[in-house]
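Undergrad: I'd like to ask you about the structure that follows.
We did not get these values from a lab; they are worked out from the coordinates using the rules stated. Just so we're clear, the structure is a prediction, and the values are computed from it rather than from any experiment. Methodologically, a virtual Cβ is constructed for each residue, glycine included, from the backbone with ideal geometry; neighbour enumeration extends over all protein chains shown.
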Amino acid sequence: MAFTSTKKHASLASLALLTAAASASALVSPRQASSSQEDYINSVCRPPLAEDADTSSAFVVPPCIAVETIEGLCQPNGTSPLALEAHAQCMCGSTFFSQWRGCQACQVFHGARSEREVAHFEAALVIASSELCGAAATPTAPFPVLFSSADFVAPYPSTGATTSRDAKPSDPAVSLYFTPSGSSWGAGAITGSATAATATGGGLTLTLTASDSDSDSSSSAGTTASRSTTGGSSPSSNQQSTISTTSAPGMAAPTAGAGVKGLLLAVAGGAMVAAL
C-alpha cells in the first residue's frame, strides 16, 4: 500500500476526535473490563508508534490501530445512499476484517477476551459484514451501527472458556498473536458511480491501497462475494482511493481529518474506543 499527501497532517487532537467518532466495533468494552485493564490492553494492543515507523507495513502497525484508522478513513460523509455505498466500498475492499480479528487475537493473547466472547463477537462480525458487504447488500447504515445491532442478535455460546490469561505480559509485539496475510494494509478503493461522492475541498489528498491478499471482503468478512458498484470483485491493490480532508456541500464520501501518518500516531498509544 502506498500513502501520498499534498500537505502535512493537522493537529493530533483533531485526529483523535476523528478516530473516536468513527470506531465502534473492535476494542475493549466497558462492560468487560475495568479501567486498569483497559489501560493495560491499550499499552500492549495499541502501543505508541515511532515517528519513523513503517506505517505501510501490516507487520509493524498493530491491528487494533489499523482497524481504527481504516474506520476513520472510511467514515461516511452523511447517510445518503451514495455516501453509504462509498463507505461500503471503502470498508469491504479494505483489510479491516482480517485485522479486526487480529485485534481480537491481541486481547485474547493478553487476557482480555475469552473463547466465548470471541465466538460471540465473531458471529456479530459475520452478520454486520454480510449486511454491508454481501453480494446483494444495499448499505443502510455505517458499519459501526450495523455491528452494534448485530451484537444484540448474535448468539452467545454456552461452551468454551469463560476466562483467559495473559500469555506474555507487557509485550506488545504483533508477531506474538497475529500473522498478516499480506505485507500491507489499508482502506479499499471507491469505484464506479460512488466516485461521484468523493468529497473535495480540503487541500489534502490521501492515496492508499490495500494488499490483494487482505482486500477480499468475501474471505475476510465471511460473506459469499465482494461488493463493488458494478457487483464485481473487490478492488485490487493497484486501484487507489482518494479521500479528501474536508467534505464539500452536497457530497457524500469518506473523509480523513489529516495525513495517514498523523492519524496513526494519534490512534497509537491512546485510549481504546468502547466497542459495544
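Undergrad: Does region 32-169 classify as rounded, prolate or oblate by the C-alpha gyration tensor (a ≥ b ≥ c root eigenvalues; a/c under 1.5 gives rounded; else a/b over b/c gives prolate, otherwise oblate)? Intermediate values should be presented prior to the final figure.
TA: Working: a/c = 2.30, a/b = 1.25, b/c = 1.84.
Taking the square roots of the gyration eigenvalues as a ≥ b ≥ c, region 32-169 is oblate.
Undergrad: Now a separate question. Determine the gain in length on full extension of the stretch VAL60-SER193; use 0.36 nm per residue of separation and subtract their C-alpha separation, reporting nm with one decimal.
TA: Working: separation 133, 0.36 × 133 = 47.88 nm, distance 3.45 nm.
Net length gain for the segment: 44.4 nm.
Undergrad: In nanometres, what is the gap between the two model label sites at GLU115 and THR179, each 7 Å from Cα along Cα-to-Cβ?
TA: So the label points at GLU115 and THR179 sit 2.2 nm apart.
Undergrad: Classify region 88-139: rounded, prolate or oblate, from the alpha-carbon gyration tensor (a ≥ b ≥ c, eigenvalue square roots; a/c under 1.5 rounded; otherwise prolate if a/b is larger than b/c)?
TA: Values: a/c = 4.65, a/b = 1.94, b/c = 2.40.
The shape class here is oblate.
Undergrad: Got a sec to turn the phi values of region 156-169 into Karplus ³J(HN,Hα) couplings, 6.51 cos²θ - 1.76 cosθ + 1.60 with θ = phi - 60°, whole Hz, x for Gly and Pro?
TA: Once θ is set to phi - 60°, the couplings for region 156-169 become 9, x, 9, 10, x, 5, 9, 9, 9, 10, 7, 6, 8, x Hz.
Undergrad: I've got another one for you. What is the gain in length, in nm to one decimal, between PHE152 and ALA135 on full extension, counting 0.36 nm per residue of separation less the C-alpha to C-alpha distance? The partial results should precede the final answer.
TA: Details: separation 17, 0.36 × 17 = 6.12 nm, distance 2.36 nm.
Gain on stretching PHE152 to ALA135: 3.8 nm.
Undergrad: While we're looking at this one, here's another question. List the residues, sorted by chain then number, that are 5 or more residues from SER184 or on another chain and whose placed amide H is less than 5 Å from its amide H.
TA: ALA58, SER211
Undergrad: What is the gain in length, in nm to one decimal, between ALA50 and THR79 on full extension, counting 0.36 nm per residue of separation less the C-alpha to C-alpha distance?
TA: Between ALA50 and THR79, full extension yields 6.8 nm more.
Undergrad: Please list 118-128, 161-171, 71-81 highest first by mean number of surrounding beta-carbon atoms within 10 Å per residue. Kindly include the intermediate steps, with their values, before the conclusion.
TA: Numbers: 118-128: 20.0, 161-171: 12.0, 71-81: 22.4.
Descending packing order for the listed peptides: 71-81, 118-128, 161-171.
Undergrad: Hey, for a label at THR162 modelled as a point 7 Å past Cα toward Cβ, could you say which residues of region 74-117 have their backbone N under 14 Å away?
TA: Correct set: 114-117.
Undergrad: Could you tell me the relative contact order of region 58-157? Use alpha-carbon pairs under 8 Å, at least six residues apart, and round to a whole percent.
TA: Relative contact order of region 58-157: 29 percent.
Undergrad: I've got another one for you. At a 10 angstrom cut-off on C-beta neighbours, averaged per residue, how do the peptides 49-61, 137-149 rank from highest to lowest? Let's see the in-between values first.
TA: Values: 49-61: 15.9, 137-149: 19.4.
Packing proxy ranking, top to bottom: 137-149, 49-61.
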